[in-house]
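The values are calculated or read from the model by the stated rules, or taken from the named source; none is laboratory data. Bear in mind that the values here come from a model prediction, so they are computed numbers and not experimental data. Protein only, heavy atoms only, side chains kept; ligands, DNA and RNA dropped before computing areas. Shrake-Rupley method; radii C 1.70, N 1.55, O 1.52, S 1.80 Å.
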Amino acid sequence: SYPSDFVTFSPPAPQELPGFYYDSEKNRYFRLLPGHNNYNPLTKESIQHKAMECKRLRLLEEEEKQKKKTTRAGLNSPVLFQKRQLGLLSSTSYCRLVHELKVNCMQRRKIEIHSPDSSVAGTNNFKIIVADVACERIFTVNDVEHGGCKYGIINLSGLGKESLTVEMYDNLYFTNRKVNSVCWASLTHPDSHLCLMGIAETPGCASLLPASLFSSTNPGDRPGMLCSFKISTAWSCAWCLNPQADNCFSTGLTRRVLVTNVVTGHRQTFGTSSDVLAQQFARQTPVLYNGCRSGEIFSIDVRQRNRKGQSWKAIRLFHGSAVTSIHLMEAEHYLMAADMAGKIKLWDLRTTKCVKQYQGHHNEYAILPLHVNEEEGLLTAVGQDCYTRIWSLQDAHLLRSIPSPHPSSKDAIPSVVFSSRLGGRRGVPGLLMAVKQDLYHFSYI
């Protein structure tokens, strides 16, 4: 008689040997030590980079073939519509789940950038893109070959057309300053100016520029800078929209916070024990939230007057690593924060407790922003590994990881903007991604 069942044995997993690397494709070990393999030098970094590049190319290929899985089991348009018709889903839940479906089906298309100066468009690498409140324009910071940065504004009105083109306007006067942080400012009207923080030479520089500097009108009609002053190295900035601190912006510096009224020139200084890497003002109260290199997050009521020895810190939260980005939620009861350990946490400001964590973000040392879209129920963040990840705000479920169209590197981390109204009220929905010299639109249909 023969046994009815046969036992199969899988070969043992290769062991890690100090100084050697096991190549699964060639089924052999290679020496990692320098000088012993001149024809095929290997390091742990190069091996990891090769593996990441293979994964990126595979994911890009799958996206091109539209091999996509649903974000959740059983989640598809007919089922959602049926549940909505039967009253099993509220309007809010239905809209949130529809947004999840759309995010999962976004397809990448390259945008053609036009500029009045044809020698300028597409010649420098994008470093930062920041959309105005209406998502009609994006302010761009581009690295230039000879050092420093070039600034410009891209009009998104062309995104609604089949050609998928945008107009980019530059102002080449401001080219020698390396920008660490930028935000839109509402001085004479919504999003009328731009706050820029960074390094000129030594020390740093803070500037408030009119957005009208970047236009196709007669250069002689353009206004100059409203505000510009030297400071120590600036890490972050924020504009206040609360009327009790009107016309004020804040600058996060090395171990201090500087709040400036751009009309009166009055300044307040708040000393801190660490560099301030992230900032945001509340809208309902004149309170400024700050995220520090030490991992501390604290708030300041800017109505306080400078008194020696007074403690400025109100709410205090703590991360285990440097806080790189903060976002105050619309009701101002919750605050989202990301750090250099790749942790993204949602804090309840009333109890000072962490209520949610969003897993999968990758960061080790970079100052990377968070993008929160409460209306769509989505959180977006680009990791140091150059992947753009999108989560559900509701339950912290990772909906999608988008590989960069370019090979991953320190100088090629994408900068993104997400909105369901790119180009204004009647604009097209989707994700904008700027990487290297290219701008991409992920259509949100």
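Data table
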read-out: Per residue solvent-accessible surface (Å²) - segment 109-443, probe of 1.4 Å; value: 42
read-out: Rounded percent of accessible protein surface that carbon and sulfur make up, segment 109-443, 1.4 Å probe; value: 47
read-out: Kirkwood Rh (inverse of mean 1/r, distinct Cα pairs), segment 109-443, angstrom; value: 20.3
read-out: Using θ = phi - 60° and Karplus 6.51 cos²θ - 1.76 cosθ + 1.60, couplings along segment 103-108 (whole Hz; Gly, Pro as x); value: 4, 5, 9, 4, 10, 7
read-out: In sequence order, calculated HN-Hα J values of segment 246-262 (Karplus, 6.51, -1.76, 1.60; Hz; x Gly/Pro); value: 5, 6, 10, 9, 10, 10, x, 10, 6, 6, 6, 10, 10, 10, 10, 8, 6
read-out: Under-5 Å amide H pairs with LEU393, H placed in peptide plane, nonlocal only; value: LEU378, LEU379
read-out: From phi via Karplus (6.51, -1.76, 1.60), per-residue ³J(HN,Hα) for segment 287-299 in Hz, x at Gly/Pro; value: 10, 10, 9, 10, x, 10, 4, 6, x, 7, 10, 9, 10
